[in-house]
Each structure stands twice: as C-alpha cells, then as structure tokens.
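Okay, handing you the structure first.
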Amino acid sequence: MSKEIQILKNGQLQKKLQLSNGTYALGRTPDADIVLADSAVSKNHATLAIDNKNFHITDIGSSNGIFLQGKKFIEQNFTDSFEIEIKPFTIRTADMAQLETNEPPGVIAASIRNFSINNIKVSIFLIFGIAMLLAVLIGYIPLKKQTATIARQEMLKSGILLTRYLAEMNRPFLETGQKIQVRTSPVRLEDGVIYAFVIDANGRIIAPHEKQGDFFDWSGLSNAFAGAKLKIDDGKQNEKIIFYPVRQQNKTIGAAIIGFAWQQAAGKQTFGMGALGFFLLAILCVIGMLMSHLLAKAFLNPLKSLYEEVEMAIKQGSTAIEYQAPYSELDNLKRAFNRLLIRKTSSSSSFSSATGPIKTEATARPTSTRENKSLQATTDFPSPMPASPGSGTMDEQLRELTAPWCIIDRENYTLLRLSDNFTPGLGTPECQQGMHIIEALETEIIPAVSQMIDSEGTTELTVSHAEKTYRLRRVNFNDNNNDAVADAVEKNNVILVFEEKVE
C-alpha cells in the first residue's frame, strides 16, 4: 500500500510521490530518494521511514534543521498524516493537504503569516499611510458626532427663539380677542420648521386661518397648558414640538407651537466636518508619505554607504571596513562583514603547512575586543602526526582524543560536533553546535580554520589565541566497521584538533 507524499516549495506544489513502506533519504544530493534542490538543504538532510500508517522522520545532522509548526525537532513520530518544513520546502501527506483545503480559516491564516513586502520603501509608506488613516478616523468620527450634536442644540435654541417670537408677536391680538389678525407667516420659511400654529385657550388653531376649526393632535397639549411653561416634546414625525404659552393675569390665553425637524434642516445645510475632514485627511496623508520617505532615506542611505564600503574593501583586499555605523543594527552588520573579510583574506593568503616549504605570517585587524592577539602560521613541526589516532569506530577514535576537537561541514562552514572540552579549552563561550564558524569562533582562530577547510594540502598550522599557542591539525579517521561512513566524513566534513603547545 503506497502513500502519497507532496513536496511544496515556498507554498507552491512541486511534485507528488507515491511511497511504499520503507526508509527514504531526503537531501540536496541527486542520489537522495527525495531530492530537495536548494542550497538551504543539506546534502544528507533527513530520513523518512514509512510503516503503514506510521511515519518516522529523523534529522541526520543537517545544517538548518527540520521544523514542525515552527519548532525545530531532531526525531518525530506521526500517525496517519504529517506536515513538516525543511525550509524552503514543505513535505506533507495528501491527507494533510485535504484537511487544509477543508479549513479556509487555516488557509487564510497561513496566507497572512506568509505575506511579506520585500521593498522597504513600500513597507514604510504603507505603515505610515495606514497609521495616518487610523489616526484621522479615530479623531474624525467622534469630532463629527460632537459637531452634529452641537448643531442640533443650536438649531433647537433657534426654534425656541422662533416660538417665543411667534407668541409675543401675537400677544396683543390674543389679549384683545382679535383672533382674525393672528399670523404665523414670519416663521413658516425658517430652516427646520415644518409647521407653526397659534392656538387659543381651548387648544383650537386660530392661525393659520386655513386650519381654523381643526384641533392640533398632540397628546401632550393638555399637560403643556396645565404647566403653562415652555415645553419641548417629541412628535410623531421625529420632530421636536416646542410649546410656548401666552399668559394674561396668571391665565393662559393661547400659545405658539412650532414643529422643528432636524433632518429637514440637515438636508438643506452641511454640518460637521465633512469637507474639512477629508481635507485634513489628505494633508495628514501627504505628511505621512513625506515622513515615510524621510525615514526610508535615513535608513537606506547609511545602508548604501555600508554596501559601498564593503565593495571597496573586497576590491582592495582589505581585512576591515572603515565605517561609522549610525545604528546599532548596522554596526552589527559591519562586524559580520569584517569577519567575512577576515575569512576571505585568510583564504587567499598562504598559511605555512607543516608539510610544505612556505613560511608566512597572516595578520588581520581583529574586530573583537582582543586587539593584542594575532594569528600565526609557522613550520614548527617537521612532520605531521599520524592520520589515525586509533582503531575502532569513528566515535571510539574521537573519544580517545584528549585535546579539543570539532567536526565542520565543508560546504556550509557550520559546526556539526564539538568535544566536551572544546569551549572551555579554547575560551569560546558563544560556540555551539550548528553555528557558522564566523559566529562561533573567535576572530584569531577563524582564518586558520578557514584555511584548513579550504586547502587539502594544509594539514597543520600554529595558532596563537588567548595567550596560548595551539597546534591546529586535520585528522582522518578510518571506520573499520563502515567504510561508507569514513568516505562521507572525508568528503563532506573536516575534523580539526586544537592541541595546546607547551613552550
């Protein structure tokens, strides 16, 4: 029974494989069962063992590791299905792919997680643009509401004044009983007024005259008359009803009533921050774009200067970059370039081999705090030590070594294995398995190690570090039980031993 395995690269499906029970090698080498062609993948990266519904995945000493849900692992068992990452590849079963297809939120989350903008200028522009838009909206919407509230209050005040004006204008006619002269025309055309009535003491409409004899249907009219005071109430058309009484000798002889509608007034006039708000938004967006441009320029110009200094140093064969970094991030980048330049310079220089006639001294301007230390390569030893320190398996032979030793991947310059006494013996506290030699080792050691990795003819060097002198030599092991292991070690890895030289 075969199982479908899918290989994706950067999220795009590359190929499908039908695999039966057995163990399969994953790696960059064309001889691998599952070829993952990318420089980030080790030649022999991992193994996949299939046993019916069970899957067993093992990291076999890769440089960049294997990841499960973002976490690196060495060995992991799966049942029915699995999905792992050997970046930039994703290896999964078809069952897992179907599960993801049936879960749109997972796909959306993955798309958001994988979304990236490669152009720093575009990134900064987008960030500032979104920030400016949010700032305007956060400030504009409450201001708009507050302005609208103030406008309604002001129009209500105007309505009260109009109602009072209507009542006082008709007071003489109500007091003398000349109802025929009562009028409402001065306030009929005012913004927001949908009706204006003058009523007598019985609530009968006496103006406008065309409505004489009708009664105004307002449930709060009797209460308003009883209170004999200004009253503001809500009408059936969502209007504000303003009641203003006309009094004579503590007796209500009539009243003025105006129906005031905010919606009608708002439809005729533009209130709030509409046009002004959009204008402010445009101004703030322009300011944001300008600030983002200046910010991008402030970062990219020093980065461009660093790039030019690196190019110049490479062309001139310098061992260090003369550059004053304005930011700590660029300063860290400069130090990394300095270490690379040291390695490049040392690789092109000639360290004297214990088996060759050349005698030189390679010096490099250190980038660490140990300014008084230097790298030396001399011919103190007339002949190399035996290539094989003992017999038995490679692990047994390594355990027989008393001096600090390490195994380095020739292709990636990473530390595959370290002896227990390597870090304390050489005084390299940051040195850890899996690190690149530029980050793991001290500056004084890097050129010699690089020379030993690159040069097949160099088998011994003398290195001065931390007020000590070490004999750095490359050794070869013969695994009597497994010739293939010995060949792989010789071809892909370098075993270096640091023997302290006692003066």
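The values are calculated or read from the model by the stated rules, or taken from the named source; none is laboratory data. For clarity, every value in this text was computed on a predicted model and none was experimentally measured. Cβ: placed from backbone, ideal geometry, glycine included. Neighbour counts: every protein chain shown. The area values use the complete protein model at the heavy-atom level, side chains included, leaving out ligands, DNA and RNA. Shrake-Rupley method; radii C 1.70, N 1.55, O 1.52, S 1.80 Å.
If you scan region 43-79, which residues turn out to be out of contact with any helix residue (DSSP H, G or I) (no Cβ under 9 Å at 6 or more places or on another chain) and part of a loop (DSSP other than H, G, I, E, B)? Working first, answer last.
The first filter runs over region 43-79 and keeps only residues out of contact with any helix residue (DSSP H, G or I) (no Cβ under 9 Å at 6 or more places or on another chain), leaving 45-79.
Scanning region 43-79 gives His45, Asn52, Lys53, Ile60, Gly61, Ser62, Ser63, Asn64, Gly65, Gln69, Gly70, Ile74.
So which residues in region 404-439 are open to solvent by 20 Å² or more (accessible area, probe 1.4 Å), part of a loop (DSSP other than H, G, I, E, B) and among the hydrophobic types (A, V, I, L, M, F, W, C)?
Hit for region 404-439 is Met435, nothing else.
Which count do you get for residues in region 8-22 that are on the phi > 0 side of the Ramachandran plot and open to solvent by less than 80 Å² (accessible area, probe 1.4 Å)? Can you show your working first?
Going residue by residue through region 8-22, those that are on the phi > 0 side of the Ramachandran plot are 10-11, 22.
Then drop every residue that is not open to solvent by less than 80 Å² (accessible area, probe 1.4 Å), which leaves 11, 22.
Adding up the residues that qualify gives 2.
Can you tell me which of Ala37, Ala25 is surrounded by fewer than 19 Cβ atoms within 10 Å (Cβ to Cβ), in a loop (DSSP other than H, G, I, E, B) and among the aliphatic types (A, V, I, L, M)?
On the way: Ala25 fails: in a loop (DSSP other than H, G, I, E, B).
Unique residue meeting the criteria: Ala37.
Which one of the conditions (1) out of contact with any Pro (no Cβ under 7 Å at 6 or more places or on another chain); (2) at pLDDT 90 or above does Thr252 fail to meet, given that it meets all the rest?
Looking at each condition in turn, Thr252 falls short on (1).
With respect to the numbered conditions (1) surrounded by 16 or more Cβ atoms within 10 Å (Cβ to Cβ); (2) under 35 Å from the mean Cα position of the chain (by Cα), which one is the sole condition not fulfilled by Ile60?
(1)
Then there is this: Quick check on region 197-245: of everything there that is among the hydroxyl-bearing types (Ser, Thr, Tyr) and either under 60 Å from the mean Cα position of the chain (by Cα) or closer than 22 Å to Glu175 by Cα (or both), which residue is modelled with the lowest pLDDT? Lay out the reasoning, then the answer.
To start, the set of residues in region 197-245 that are among the hydroxyl-bearing types (Ser, Thr, Tyr) comprises 219, 222, 244.
Pick out the ones that are also either under 60 Å from the mean Cα position of the chain (by Cα) or closer than 22 Å to Glu175 by Cα (or both) and you get 222, 244.
On the way: Ser222: 86, Tyr244: 94.
Of everything passing the filter in region 197-245, Ser222 is modelled with the lowest pLDDT.
Looking for whichever is modelled with pLDDT of 80 or more and charged (D, E, K, R) here; the options are Arg113, Arg164. Which one fits? Can you show your working first?
On the way: Arg113 fails: modelled with pLDDT of 80 or more.
The unique qualifying residue is Arg164.
Given the criterion at pLDDT 85 or above and within 19 Å of Asp409 (Cα to Cα), identify the matching residue among Ala40, Ala25, Ala49.
On the way: Ala40 fails: at pLDDT 85 or above; Ala49 fails: within 19 Å of Asp409 (Cα to Cα).
Criteria check complete, one pass: Ala25.
Would you check which residues across region 464-490 are open to solvent by 30 Å² or more (accessible area, probe 1.4 Å) and at pLDDT below 65 and list them?
Passing the criteria: Asn478, Asn480, Asn481, Asn482, Asp483, Ala484, Val485, Asp487, Ala488, Glu490.
List pairs: first residue in region 429-454 and over 15 Å from Asp409 (Cβ atoms) and in contact (Cβ under 8 Å) with a residue 24 or more places away in the chain, second residue in a helix (DSSP H, G or I) and of a type in the set (Gly, Ala, Ser) anywhere in the structure, Cβ distance under 8 angstrom, at least six positions apart or on different chains.
That search, which allows pairs on different chains as well, returns Ile446/Ser346; Pro447/Ser346; Pro447/Ser347; Ala448/Ser346; Gln451/Ser346; Gln451/Ser347.
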